[in-house]
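Heads up, the thing below is written out as structure tokens.
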Amino acid sequence: MDNKAKLLRRLIAMVCVLVLLAATASLSLFRIQIVEGSTYRSASERRLTSTTPVPASRGEIVDRYGQPLTSNRSVFSLWLNYVYWDLEKQDETILSLAELVRASGAQPADALPITPAPPFEFTADPESRARTRLNDRLAEVQEELTKREGEDPPAGSGKAPAELNAYEVISHLRAYFGLDPKYSGEQARTILGVRAGMLWDTEFSRNNPYTFAEDVSLDLISQVKERHREFEGVDVAVSGIRQYNTTSAAHLLGYVGQIFREDWPAYKEKGYKMNAIVGKEGLEYTLEEYLRGVDGTRTVVTDLHGNILDELDSLPPQPGNHCVTTIDLGLQQAAEESLARTLESVEGAEGGAAVVLDVHSAEVLAMASYPTYDLAHYHQEFDKYKDDPRKPYTNRAIQETYAPGSTFKPLMAIAALESGTISQSFTQFCNRYYTYFDTQTFRCLGYHGRVGIVKAIEYSCNCFFYEVGRLLGGAQIEEWAAKFGLGQRTGIELQNEASGTIAGPTGRKLLQEKNAWLHDWLSADSVQAAIGQSDNTYTPLQLANYMAAVVNGGTVYRPTLLRSVKTYDYTDTVYEHEPEVMSQIDIDPENLDLVREGMKRVINEGTAARAFYDCTVQVGGKSGTAQVGKDELANGLFIAFAPFDDPEIAICVVGEKIDSGTKMAPVVADIVNAYFSREESQSELVSSEYTLLH
């Protein structure tokens, strides 16, 4: 009985405690919600929680020795934060902030290719990228304006977007965005340039802040902070902008920029923000998956003015990976300088290219194209140079094709020997003219007498190779050219690579699909094809790679610009390139020796000997002169390899309308000397980057 009484007393005590606790909690809730409810409600309304993205820095692109080609520079930027942005007075805020930014020496972002003040004019050509994109958006603007009722139509209504003048575009946009008539033309232009970018380029929202100005000064930041009540929703962020550490390799590196609206769906699927910076051309584009970092997030509690009260959570950004290219920056610079110097010294020369490959891997050590451009000013100068007839934005090394001329002859010699069409002792008599079955006569540039393979290559005897072409026939010429990778895209990590055409019956049929006036392939066409004319057109990269295969014993590798990919801290390797064999050609070493001996004599005793007299190593090579038109100067080409006894590099240089391949020999000599002097100096290079990369 005593135990039951004790248990009852304990139960009553526990119930009393619970009742007391419940009463205390109820009183506290009553005080918070009822007595002091307005106070706490006001405080909560003044506290906002927002999550903003923290952009990740982009990975760097470096040369094979770790020298930076592109990197990032940290700058201060002004961002518009949607959470705190006052939409009601945004036009006034934009105008005030733009004036402040301009006064500091910076420029606000602007999405319109129109002059900043009346009388308005377009700043880009009708066919330019900026105008084309603007016209696409104006179509949407016009569609929206026609849906609205009771509004006065803006100037130019009824015209197609492409027909609107700049003043009419501004009128359309004023109506579309509902700008107050009080704003002058210049003020309206400033506001519209920003609002168009907020809508079209960024889709300004909670998840997409708008970058109002980049690379701003600390003085400007101080002024914005001092006037924070006026500039609510304007944040200061540290971001990275792309920095180019060299003026070389512009065609290889490419550039970055914001995602175009039309490309947004594809990037969205990959998890990009609309205002992300992505690669647009070159390695920046093709290596995007490696270079791209992973954005972080930052969640903070602020008051209505954006002042941070508390930081709840943050996820740090993960920088992108670093891409180690195969390029030797010193050699690249030497190739570009020599190419430019040589072409500029010849009246009428228009452009050219140079490619240097490692013969044992097809790693691209240098790839130059002339004329070139400065990546640091690409966006500002794009419309200025896009219509330049010299085509500075074209990478001639992979995007242009050329008749190989006599540089094709070593391949024809190998094809004839390996196919058993001729023997090693085969000779042909040259008296300057070659008669094809009494129907056609073809000319040689010299009177060479009876020549064999070695002398035919040394003297570049057309008569010898006319006969070789006749004996081989078009089908075999095609077959052997294809074995060496000619007339085919290599698959290098660059955009818009050209394929070219192999002269022969199959290639002629393909050409006839676009040029119906071309006659069917005739046996006489093989005569011209064998000296590198007819339908033969190849890229300088293909010719360099064919040269590499000739001297490495018959292995055709896939050319590459990417050596490896390292994590942002260089502690791990994400990707390591292994040489990829595209084809293996079985070639009798004795046949190769004959061909290479002929190429050695071209350098030592031929017309190009003067250019190589002071070369640091023995070189083998072959010049080529290819006709491009009846009344035009010929293109000049030169293929080479070095050192002769143990080849390391293969080279192809091309000069447009330079009249002779021999005139390109100094470029080859400069490249050879630069490579071997640089190779010696690089063996002594000791740096943190070098250690990390190797």
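For the reader, a short list of remarks on this structure follows.
- Using only side-chain charges placed at the Cβ, +1 for Lys and Arg and -1 for Asp and Glu, the dipole size of the chain relative to its Cα centre rounds to 1280 debye.
- Here the contact order of region 221-376, divided by its residue count and restricted to Cα pairs under 8 Å and six or more residues apart, works out to 21 percent.
- Each residue, Thr441 and Val581, gets one label point 7 Å from its Cα in the Cβ direction; the gap between the two is 5.0 nm.
- Segment Glu140-Trp264, length gained on full extension (0.36 nm per residue, minus Cα span): 42.9 nm
- DSSP beta bridges fully contained in the chain are about 95 percent antiparallel.
- Over region 86-199, Cα pairs under 8 Å with separation of 6+ residues give a relative contact order of 35 percent.
- Length gained on full extension, Asn496 to Arg227: 91.8 nm, using 0.36 nm per residue less the C-alpha separation.
- Once the C-beta distance of Asp645 and Asp614 is scaled by a Förster radius of 25 Å, the resulting FRET efficiency is 0.85 to the nearest 0.05.
- Gyration tensor (alpha-carbon) shape descriptor, region 86-199, a/c threshold 1.5: oblate
- Those lysines that a straight Cα-Cα span of less than 18 Å connects to Lys270, excepting residues fewer than 8 apart in one chain: Lys280
- Using a simple spin-label model with pseudo-atoms 7 Å out from Cα toward Cβ, Glu605 and Val628 lie 3.3 nm apart.
- Close amide-amide hydrogen proximity is noted between Asn72 and Gln243, each under 5 Å apart and 5 or more residues distant or on a separate chain (H modeled in the peptide plane; Pro and chain starts excluded).
- Put the Cα centre of region 66-145 next to the Cα centre of region 376-443 and the gap is 48 Å.
- Under the convention that each Lys and Arg Cβ holds +1 and each Asp and Glu Cβ holds -1, the size of the dipole of region 76-198 around its Cα centre is about 240 debye.
- Spacing of the two label points (7 Å from each Cα toward its C-beta) at Glu597 and Asp152, in nm: 9.2
- Structure-derived semi-axes √(5λ) of the Cα gyration tensor in Å: which label, when the choices are (i) 55, 41, 18; (ii) 44, 33, 25; (iii) 66, 33, 23: (iii)
- Contact order for region 491-608, expressed relative to its length and based on alpha carbon pairs under 8 Å spaced 6+ residues apart, stands at 22 percent.
- Residues within the reach of a label modelled at Ser425 (point 7 angstrom out along Cα to beta-carbon, backbone nitrogen below 14 Å), restricted to region 456-472: there are none.
Rule-based calculations on the coordinates, nothing more; no lab input. Since the model is a prediction, treat every value here as computed from it, not as a measurement. So basically every Cβ, Gly included, is an ideal-geometry build from the backbone, and we count neighbours across all protein chains shown.
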